[in-house]
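Structure first, then comments.
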């Protein structure tokens, strides 16, 4: 693996573990057992590293959102899609530690972050509208907008909320906890067999989705 790639992966791990504000370029260099000058040769400071990681994050999430065939995704597959989305966010979770502070510190990524949120809302909206047309969900247009907002907020703010409560956000179980809350929120509007919903609930509870 090239040094530049090692720097990004190590920075990501340290940012996720300690928070971006608590990690310096010297910390990254020490973790990699390279000189600060070697690190600076590849990335001219921590801001450049954060930007490179954000580009990776945005590309990964955008590709996932755009790859979804909204017309063909079953309700069960939708929850698997949500899990994949959660996993992508989880991989770059330091962006969600204190997002307002981070965007204030790095204003140049603010527009890109907003675009990720808007793309996520658009994806959820398209899916819910598709399920309403197929008779798999019962929602008015205003309810769709409310559910889109709540779903997006859950996927965006749950991480920070859990951190404030002192909960462990690093385990895979945490992702399924969010997924279970998503099912609980959407279940009253779903028009599918109770057996399918129960099987889906068990899969999420047992982390076998």
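A short reminder: the numbers here are calculations on the coordinates, not readings from a lab. In this text the structure is predicted, and so the values were computed from the model without any measurement. As a convention, Cβ positions derive from the backbone with ideal geometry for all residues, glycine included, and neighbour counts pool all protein chains shown.
Would you mind checking the tilt of helix 110-133 against the longest principal axis of the Cα atoms of the chain, expressed as 0 to 90 degrees and rounded to 10? Result, in degrees: 20. Computing Cα extents along the principal axes in Å for the structure here picks out one of (1) 61, 33, 32; (2) 61, 42, 30; (3) 50, 38, 34, namely (1).
Highest GNM mean-square fluctuation among 168, 33, 104, for the chain modelled with Cα contacts below 10 Å: 33. Note on segment 1-39 and segment 86-147: Cα centroid distance 29 Å, given to the nearest whole angstrom.
Between 189, 41, 96, the Gaussian network model of the chain with springs among Cα atoms under 10 angstrom shows the greatest mean-square fluctuation at 41. With neighbours defined as other Cβ atoms within 10 Å of a residue's Cβ, the residues 84, 1 order from fewest to most as 1, 84. Of 109, 178, 34, the residue with the greatest mean-square motion in the GNM of the chain, using alpha carbon springs below 10 Å, is 34. In the chain, helices alone account for a calculated mean residue ellipticity at 222 nm of -23500 deg cm²/dmol, with every DSSP H run of four or more residues adding -39,500 (n - 2.57).
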